[in-house]
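Colleague: One structure, pasted below without further comment.
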């Protein structure tokens, strides 16, 4: 039962990471890539937490905290400094 | 009892993972930046909340909860912040589908020059 659940969880995380990476590759605008990389970072936090819960250890808890605290600056700085028109679909 | 709690936490993790999958499918299928943003903010709050609850159930220690509560609070505080910045910039940038808008409340702000803070 638990093994099946762990396999299903890993598959779901893997598929969603692949789809998100596909959106980062395809774009089309830099803001789409910013949103997708934000999702990928959230996915990383979720995977770290799930791995800790499944393997029953607390070693990556500080990583969880730091990534959650610092991850927001990525998309904020992209949104702040992106050009007013980046010629995505004009 | 611990076996039941283990199953419960795995089910919560599965729900969080499914929310992540939902966000990824939404990112892939939606058309423009604000709709993709709408899909992207679901795992950032609810999915992470489910996984953090699962982690708390699994670890059962106050020291771990002292780490997990700030993680959730930071995520609650910063997810709307980045979503707001990206959405506002998408509006200015023209990467939104204007035909799909029912109301454009920022239309007046668009007339002011950029240095005026609009």
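Each reported figure results from applying straightforward, stated rules to the coordinates on display, with no laboratory input. Here the structure is a predicted model, which is why all the values come from computation and not from measurement. Methodologically, a virtual Cβ is constructed for each residue, glycine included, from the backbone with ideal geometry; neighbour enumeration extends over all protein chains shown.
Colleague: For A:46, B:20, what's the fewest-to-most ordering of other Cβ within 10 Å of each Cβ?
Modeller: Ranking A:46, B:20 by Cβ neighbours within 10 Å, fewest first, gives A:46, B:20.
Colleague: With everything on Cα atoms, drop me the angle between helix A:61-70 and the longest principal axis of chain A, reported from 0 to 90° to the nearest 10.
Modeller: Computed tilt is about 10 degrees.
Colleague: Continuing with the same structure: Sorted from fewest to most neighbouring beta carbons within 10 Å, what does the list B:51, B:57 look like?
Modeller: If I rank by nearby Cβ atoms, fewest first, I get B:57, B:51.
Colleague: In addition: Compute the distance from the alpha-carbon center of region A:11-51 to that of region B:71-87, in whole Å.
Modeller: 16
Colleague: Here's another thing I want to ask about it. Using only helices, what value at 222 nm comes out for chain A when you add -39,500 (n - 2.57) per DSSP H run of length 4 or more and divide by the total residues, to the nearest 500 deg cm²/dmol? Walk me through the numbers before you get to the answer.
Modeller: Details: 4 runs with 71 residues, N = 90.
Result for chain A: -26500 deg cm²/dmol, rounded to the nearest 500.
Colleague: Let me ask you something else. For a quick check: sort B:72, B:1 by the number of other beta carbons within 10 angstrom, fewest at the front.
Modeller: In increasing order of surrounding Cβ atoms, one gets B:1, B:72.
Colleague: Using Cα pairs under 8 angstrom and six or more residues apart, how large is the relative contact order of chain B, in percent?
Modeller: On the way: 82 pairs, mean separation 32.2, N = 118.
Relative contact order, chain B: 27 percent.
Colleague: Next question. How large is Rg/Rh for region A:2-81, to two decimals, with Cα atoms and a Kirkwood Rh?
Modeller: 1.05
Colleague: Output the 0 to 90 degree angle, nearest 10, between the alpha-carbon long axis of helix A:30-55 and the longest principal axis computed from the alpha carbons of chain A.
Modeller: 10
Colleague: What percent of all Cα-Cα pairs in the protein assembly as shown falls into each 10 Å bin, going from 0 up to the bin containing the maximum distance?
Modeller: 9, 33, 31, 17, 8, 2, 0
Colleague: If you take the C-alpha gyration tensor of chain B, multiply each eigenvalue by 5 and take the square root, what semi-axes do you get, largest first, in whole Å?
Modeller: Semi-axis lengths for chain B are 38, 18, 8 Å.
Colleague: Once the Cα atoms of helix B:62-93 and of chain B are each reduced to a long axis, what angle between those two axes, in degrees from 0 to 90 to the nearest 10, is obtained?
Modeller: 20
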